[in-house]
Each structure stands twice: as structure tokens, then as C-alpha cells.
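Peer 1: Before anything else, here's the structure in question.
The values are calculated or read from the model by the stated rules, or taken from the named source; none is laboratory data. Fair warning: this is a prediction, and the values are worked out from it, not measured in the lab. Virtual Cβ from ideal backbone geometry, glycine too; neighbours counted across all protein chains shown. For accessibility, only protein heavy atoms count, side chains too; no ligands or nucleic acids. Shrake-Rupley method; radii C 1.70, N 1.55, O 1.52, S 1.80 Å.
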Amino acid sequence: MLKKMNLKHILPLLFILSNKILSSSAQTNDIVTITDEQLDSFSYGDKEFKLAIIGDSGTEKEANKVMELTDFDALLHLGDYDYECDPDKYFEKVLDSDRSYQFMGVIGNHDAKHQCPDTAAEKFKNNVYNEMTKDKNDKVKCEFSESKFMWSCIYENMRIIGLTPGINGADKREEQLKFLKKNLSDATEDWKICSWHFYDKYYHTGKYPNDGNVVSGYDSDSESFYDYCKDNGAIIFSAHDHVYARTHVMSKFSTPEIDEYDKDSDGKVAQIRKGATLDILNGTGGWEIYIEQGEQKDYDHWVKKYALGEHRENAKRFGGLFCKFNYGGNNKRAHCEFLRINSSDEVFDTFDIYRNDDPGHVTYEQIDKDFKNEKIMAFKEATNSTNDHQRENLKANDGSNNGSINVDKIFTTKNIIIGGSVCAAIVIIGSSVLIFKKTKKIQPQSISDPELVIKY
């Protein structure tokens, strides 16, 4: 059947074509494509922060250079601020007077009695306390023991406990263990840290080979500070030995046992939980770097070590450990780097820490995947919410602007594309009609009202 259509019938045809384009656009909008750039720029999860862990810094220029290796949000100092018993020098020459980062620190043996006069030792302790409680340190909430030698602080979603076992003039070891248990046993923060200056028998690399359990005590029935922190899933930081040394994830410290899920690890990933954690020793903050020697340097539980070197090549290559916690917003992941000054190869050690309660069934890759999926869902919800809000604004404008047009909402990328498609269709059909009209005019049998012939 042939049906003749006049030019006045073109408009309904264009209306149908426009609806088809709009319908196609709506269907396309149901498929959301998210680029990596969009996801990276989308803020989700817990606030990422960088913690600097530095020990045995002293006050020479190298100590300042270590502090300048990278920016950080908070500093945990592991003791020995000065080696000449000057209690003010570190806080005047190394710690920035106009600092924006937060400060936490424990007392070292060179900051205490026997190494220093009583008045200097007291001033060291008060300087640390004052720095931790002044107004510029207000992002850290701390509780101190009466002696001020022990403290427990909360920074973001992390609890840090600072102790001084083995330090002359400090609280007795039994009191320190009691303080540790009080502040760690019921801690609910995602990240937990135990910090002190000294070490136990198996957790130094041999500069002082006869050193035993300086932290936990020498009695056979002494309870291990290390194991208590491990049982509560806390990362352990110490110093005094002027080297950098990192253990495997350990399931026992009193007599070293590597965690079953970390025995074959290359050390690039450490998965911690209640009952398994790692110990990191860092005493390379700027004063002197020690040798490693004896059986201590060859313990199987070391996964990474850094010392003076066979030819003293690292004598001036001091360093600090810098860890980003809540890496990329993921509160189950931290990324750490040990950085050195005076070296063309600045990064000596790099690794990730995952909080994984069930490494036997859940891989760290799955933790990353789950977090990314959560972030994608949050991104979609945020995008949909924004679009809904924009549509509501457009509806409100339609009803309250007395016929005025909101140009910003009309000339969106999507509307321009759709409008352009419709206009293109009009131009094509209109051009066809004009050509048809012109063709018809040169035919002798043309009638005055040109027609389109559509075959069904």
C-alpha cells in the first residue's frame, strides 16, 4: 500500500525520531562507566595519614635531613634525642618550632639518669611531655602515667602506647606492664602500636651481643611485653641498636616463632592480627650507624636488615621509617618505606601491612578487591544522589521561575548531544525534502503540492 504524505506530516515523524533518541540515551545512562581517574579522585574510607618512626636521632645536621626526607602527619620518636645531655637542643634545633605535624616520643637511655645528671634527665622528660600536650599537638589525645614516663595516645584511628622499660629512673617493669595491659586490652582502634626504646634478646642485631630481655625482664617467669602486644594485634617499634631491622610476622616472641602464614613470604606483605604481628627496630635517626654481628645478625626471623656495612658504606646514610596508614582510605592496609639520606637509592625497604583476621581463608588481594568494590558502590550512590538533586532543582526551577530558563541546566553535555542529534536528523530530512521539491519542479507532470511516497 502506498501512502502519500504532505510536508505537514514531517513534524510527527521528527517527534517520533526524537523520542527514539531520548529513549536510547536513557538506556545508555543505565550503564555507568567509572574510570580509574574518577575513582582515585573520589574520597572514600578512613583518612589516610603518614606516621614517621625515628629513633636515636641526636642533634647533628643529619637528624634534620632525615626529618626532611618526606612530609608526614605525625612523628613517633623512639628515644635518645641528644647524646651530650642537652635536653633542649633537639626541641630547638631538630623539632620544627612551627611544625604542623603531631609529636609523640619515649625516653631513651641517653635522656635519663646515670647517662645524664638528674636535672637534665628531668628536663628531657618534661620537654617530651610539654611537646605532646601543647596546643599545636591537639590532634593527639593522650593519657600519661603519674610519672609521665608512660603514655597512651589516640591519633585518628590508631592507639599508640609509649613505655620506658629498662630506662633508669622510670617506673618499675611491673608497673609498665600493668599500664600496657590497662590501655591495650580494651583498645578498639583499628591500628595499635607498642613503642619503647630498648629491645629483648632476639630483637637486635648484635652490637651489644650480651644484651638480654631489657624490655620484658630477665627472670624466667617474666611476661613478655612483645607477646602481650602481639596477642592484641599491635605493631611493635623499638630502637637503641643503631640499625634498621624488620622481622617476619611472628606468632611468638619470647622464643621466636614465625607465623605459619608468613614463613614463605618474601617480606613485601605483612598480614597481622590478634596473635601475630611484626617488630621493627629503627635506630638510624642521625647519630651513628652500628655494625651487625654474631648470631643475632643471622636470626631466621629477620626479613630485612640495614647496618653500617662491610666497608662502612652506610656510615652517613641515616634514615627513617614512614608509613601511610589507611592507605587509599582502606583502614585494613598500610604502606611503609624506609628512606635514607645521602644515597642515590633512597628507598631501602618497602612493604605493606594488612590487618587480616583470617589469612587462611582471606587473601590480602581479596581485602583490596572488597575495598575497591565498596568504593565503587559508594561512588555510584554519590553520583546518583547528585543527579537526583540536579533533577529536583530542575523541577523546582520549572515551577518557580515564571517561564525563565536555567541555561546552566539545559546546556549540559548530554542535552547538547541529544539536541544535536535531533537537529542533525531535521537537517537530513529537510534537505531530502528540498532536493525532492527541486527535482519535482523540473518534471513536466509536477503538481503544485509535492508529495513524499512512503511504502509500507
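Peer 1: Which of the residues that make up region 180-222 are more than 33 Å from the chain's Cα centre (by Cα) and outside any loop (DSSP other than H, G, I, E, B)?
Peer 2: Within region 180-222, no residue meets the criteria.
Peer 1: Would you check which residues across region 303-313 are open to solvent by 10 Å² or more (accessible area, probe 1.4 Å) and either touching a strand residue (DSSP E or B) at 6+ places or on another chain (Cβ under 7 Å) or among the acidic types (D, E) (or both) and list them?
Peer 2: Within region 303-313, V303, K304, K305, E310, E313 meet the criteria.
Peer 1: Restricting attention to region 50-69, report how many residues are in a helix (DSSP H, G or I) and of a type in the set (D, E, K, R).
Peer 2: Of the residues in that region, 3 qualify.
Peer 1: Pick from E156, E143: which is within 29 Å of G329 (Cβ to Cβ), of a type in the set (D, E), in contact (Cβ under 8 Å) with a residue 60 or more places away in the chain and touching a strand residue (DSSP E or B) at 6+ places or on another chain (Cβ under 6 Å)?
Peer 2: E156
Peer 1: Looking at region 62-74, I want the residues that are farther than 14 Å from R317 by Cβ and have a partner that is modelled with pLDDT under 95 and of a type in the set (D, E) with Cβ atoms under 9 Å, at least 6 apart or on another chain. Which pairs are those?
Peer 2: If the second residue must be modelled with pLDDT under 95 and of a type in the set (D, E), the pairs left are M67/D96.
Peer 1: Could you tell me which of the residues D219, D186, D138, D231 is closer than 15 Å to D279 by Cα and without any contact (Cβ under 8 Å) to a residue 60 or more places away in the chain?
Peer 2: D231
Peer 1: Condition first: part of a loop (DSSP other than H, G, I, E, B), within 20 Å of the chain's Cα centre (by Cα) and not polar (S, T, N, Q). Can you find one or more residues in region 278-287 that meet it?
Peer 2: Yes, some residue in region 278-287 is part of a loop (DSSP other than H, G, I, E, B), within 20 Å of the chain's Cα centre (by Cα) and not polar (S, T, N, Q).
Peer 1: Let me ask something else about it. Could you tell me how many of the residues in region 267-302 are out of contact with any Leu (no Cβ under 8 Å at 6 or more places or on another chain) and either surrounded by fewer than 19 Cβ atoms within 10 Å (Cβ to Cβ) or among the hydrophobic types (A, V, I, L, M, F, W, C) (or both)?
Peer 2: Final tally of qualifying residues: 19.
Peer 1: Something else about it: Looking at (1) in contact (Cβ under 8 Å) with a residue 12 or more places away in the chain; (2) more than 28 Å from Y290 (Cβ to Cβ), which is the only condition D211 fails?
Peer 2: Against the list (1) in contact (Cβ under 8 Å) with a residue 12 or more places away in the chain; (2) more than 28 Å from Y290 (Cβ to Cβ), D211 comes up short only on (2).
Peer 1: Is there a residue being within 22 Å of the chain's Cα centre (by Cα), in a loop (DSSP other than H, G, I, E, B) and among the polar types (S, T, N, Q) anywhere in region 223-241?
Peer 2: Yes: region 223-241 contains one or more residues that are within 22 Å of the chain's Cα centre (by Cα), in a loop (DSSP other than H, G, I, E, B) and among the polar types (S, T, N, Q).
Peer 1: I want to confirm something. Restricting to region 357-386 and keeping residues that are under 18 Å from the mean Cα position of the chain (by Cα) and of a type in the set (F, W, Y), which single residue is least open to solvent (accessible area, probe 1.4 Å)?
Peer 2: Only one residue fits best here, namely F371.
Peer 1: Next question. Name the residue, out of I167, I160, that is crowded, with 20+ Cβ neighbours inside 10 Å, touching a Ser or Thr at 6+ places or on another chain (Cβ under 8 Å) and not in a helix (DSSP H, G or I).
Peer 2: Answer to the check: I160.
Peer 1: Continuing with the same structure: So which residues in region 86-145 are in a loop (DSSP other than H, G, I, E, B), open to solvent by 80 Å² or more (accessible area, probe 1.4 Å) and more than 18 Å from I167 (Cβ to Cβ)?
Peer 2: Once the filter is applied, which keeps residues that are in a loop (DSSP other than H, G, I, E, B), open to solvent by 80 Å² or more (accessible area, probe 1.4 Å) and more than 18 Å from I167 (Cβ to Cβ), region 86-145 yields S97, D98, S100, D138, K139.
Peer 1: Consider C153 carefully, then state whether it is in a strand (DSSP E or B), surrounded by fewer than 19 Cβ atoms within 10 Å (Cβ to Cβ) and not charged (D, E, K, R).
Peer 2: So C153 does not fit the description; no.
Peer 1: Quick one: in region 331-356, of everything that is part of a strand (DSSP E or B) and of a type in the set (S, T, Y), which residue is least open to solvent (accessible area, probe 1.4 Å)?
Peer 2: Going through the qualifying residues, I end up with Y354.
Peer 1: Mind listing just one residue for me: the one in region 204-230 that is in contact with a strand residue (DSSP E or B) (Cβ under 6 Å, 6 or more places away or on another chain) and more than 17 Å from T164 (Cβ to Cβ) and, of those, surrounded by the fewest Cβ atoms within 10 Å (Cβ to Cβ)?
Peer 2: So, considering only residues that are in contact with a strand residue (DSSP E or B) (Cβ under 6 Å, 6 or more places away or on another chain) and more than 17 Å from T164 (Cβ to Cβ), the one surrounded by the fewest Cβ atoms within 10 Å (Cβ to Cβ) is T205.
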